[in-house]
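Quick notes on the structure that follows.
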């Protein structure tokens, strides 16, 4: 199973390496939810470390100018903000930006669970499996939740493997391509919208979207 997961680059910070190694051990030991949570934690540590290295350039008098923002503090950013800023700064390609957000959303659904149907609502492969599950008549009153729960348990290994692989793809990109590959692409439309509207509206004049 572990051979399906890319190797962790030797040059990553020790904390990132430790989290990813533990995530791989969890994969071997079938504690799949832990894989997702540890992978997301490693992603957060990693992106914060990379953005810290250019924090001065991220200030309003640096890459992005705004009178309304006095200082940008990387250590206060949420994971969502870290992912978006890594894309804005050119550290992430659009593909890796989407992978990072997918891991973040999976983490959020696991640590703030409502029910299984909520956890799998954005997982098309799990939802397709759920539709093929037959429920006995006496359980029809909770059919949606029961189908989602069964489909999630059957798909949990793949769910975990994909999350770890996505984080390792992001880490591998940033530690092997030092030319800031994301600078060669336009921003994804959903990120352009964030920049233009409320979340990053003050960046609109400085960011090339």
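Points worth noting:
- Qualifying residue in the stretch 123-131 (condition: outside any helix (DSSP H, G or I) and modelled with pLDDT under 85): yes
- Output for the stretch 87-103, where each listed residue is in contact (Cβ under 8 Å) with a residue 40 or more places away in the chain, under 22 Å from residue 53 (Cα atoms) and part of a helix (DSSP H, G or I): 87, 88, 94, 96, 97, 100
- Filter pass, residue 59 being more than 14 Å from residue 162 (Cα to Cα) and modelled with pLDDT under 75: yes
- In the stretch 31-56, the residues that are outside any helix (DSSP H, G or I) and either at pLDDT below 90 or more than 17 Å from residue 109 (Cα to Cα) (or both): 53, 54
The values are calculated or read from the model by the stated rules, or taken from the named source; none is laboratory data. Computed from a prediction, not measured in an experiment: that's the story for all the values here. So basically every Cβ, Gly included, is an ideal-geometry build from the backbone, and we count neighbours across all protein chains shown.
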